[in-house]
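Participant: Starting off with a structure, shown below.
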Amino acid sequence: MMQKSSIIVALDYDSADKALVLAEQLNPQQCLLKVGKSLFTRCGPSLLRALADLGHRVFLDLKYHDIPATVAGAVQAAADLNVWMVNVHASGGSQMLEAAARALAGYHQRPLLIGVTVLTSMNQQTYQSLGFVRSLPEQVAHLTRLTMEAGLDGVVCSPLEVQAVKARFPQAVTVTPGVRPYWASQDDQSRILTPKQACERGSDFLVIGRPITTAAEPQTALLKIIEELGE
């Protein structure tokens, strides 16, 4: 790990070649890597093995959300691929979350299992348009409680919500997308903070994509963020 928070670099690419070129430029001692739905659907488990061969730990960000038995089988499949972290949608409910936790209980070295609360691309208006009556902070708190009571390791949430999560569940691992350096574009995120602000609020892992992956020198951009965290 680094200073207080660790950086997870989101590999938002459409091919294994592009992802591996980026991975070869990044020091695996200074970051972790995230493989999401698009890249994994195109490239499959072979990409995860190639990243591991380069020394990288991988967060498989597929946000499983299905009936309990299906999600249990999916997280087991992820564990068999030796990923470092896997996630499920907390809105799948307690039975689904508990099934996922039980599915990994027998592994000697299992991945971290994280529940996704509310996507950081959502603001209050878009959230309410789905018919939910709770406020965003209330829903994050509710889903965090379901996640932790089901035996998962922590949650994905906005950096704006980390303090509330830690106040109720200090042991929860917090993974925060919606993190943008002050010198980067906001892109499609709504509930954001800078890396330093997220770190100060207690975020354990900062998910950062385009500010690093689209930089002319990705490792230099990564080091710039690390330096900001250490100030």
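Read the figures in this text as sums done on the coordinates, not as results from a lab. None of these values were measured; they are calculated from a predicted model. Positions of Cβ are generated from backbone atoms using ideal geometry, with glycine treated the same way; all protein chains shown enter the neighbour counts.
Participant: With a cut-off of at most 16 other beta carbons within 10 Å, and DSSP calling the residue loop, which trypsin sites (Lys or Arg not before Pro) in segment 130-231 qualify? Please list them.
Facilitator: In loop regions of segment 130-231 (DSSP not H, G, I, E or B), the sparsely surrounded trypsin sites (Lys or Arg not before Pro) are Arg134.
Participant: Report the residues of segment 2-31 in range of a label on Trp183: point 7 Å along Cα→C-beta, backbone N strictly under 19 Å from it.
Facilitator: It comes to 7-10, 26-27, 31, nothing else.
Participant: Hey, can you grab everything whose amide H is under 5 Å from the amide H of Ile8? Only 5+ residues off in sequence or another chain; H modelled, so Pro and N-termini drop out.
Facilitator: Long-range HN contacts for Ile8: Leu32, Leu206, Val207, Ile208.
Participant: What residues qualify as long-range amide H neighbours of Tyr64, i.e. H under 5 Å apart, gap of 5 or more or another chain, H built at 1.01 Å from N?
Facilitator: Close amide H contacts, sequence-distant or interchain: Asn87, Val88, His89.
Participant: From the phi of every residue in segment 156-169, what ³J(HN,Hα) in whole Hz does the Karplus formula 6.51 cos²θ - 1.76 cosθ + 1.60 yield, where θ is phi - 60° and glycine or proline is x?
Facilitator: 9, 8, 5, x, 5, 9, 4, 4, 5, 5, 5, 5, 8, 10
Participant: If you project the alpha carbons of the chain onto their three principal axes, what span does each projection cover, largest first, in Å?
Facilitator: 44, 36, 31 Å, listed from the longest principal axis down.
Participant: Sticking with this structure for a sec: Between Ser94, Ser121, Ser129, which gets the highest mean-square fluctuation from a Gaussian network model of the chain, Cα cutoff 10 Å?
Facilitator: Between Ser94, Ser121, Ser129, it is Ser129 that shows the largest mean-square fluctuation.
Participant: Follow-up question, since we're still on this one. What FRET efficiency, computed as 1/(1 + (r/R0)^6) with R0 = 22 Å and r the Cβ-Cβ distance, is obtained for Glu149 and Tyr107, rounded to the nearest 0.05? Working shown, then result.
Facilitator: On the way: r = 21 Å, r/R0 = 0.96.
Between Glu149 and Tyr107 the formula returns 0.55.
Participant: Taking R0 as 41 Å, what's the FRET efficiency between Glu24 and Arg168 from their Cβ-Cβ distance, rounded to 0.05?
Facilitator: Numbers: r = 41 Å, r/R0 = 0.99.
Between Glu24 and Arg168 the formula returns 0.50.
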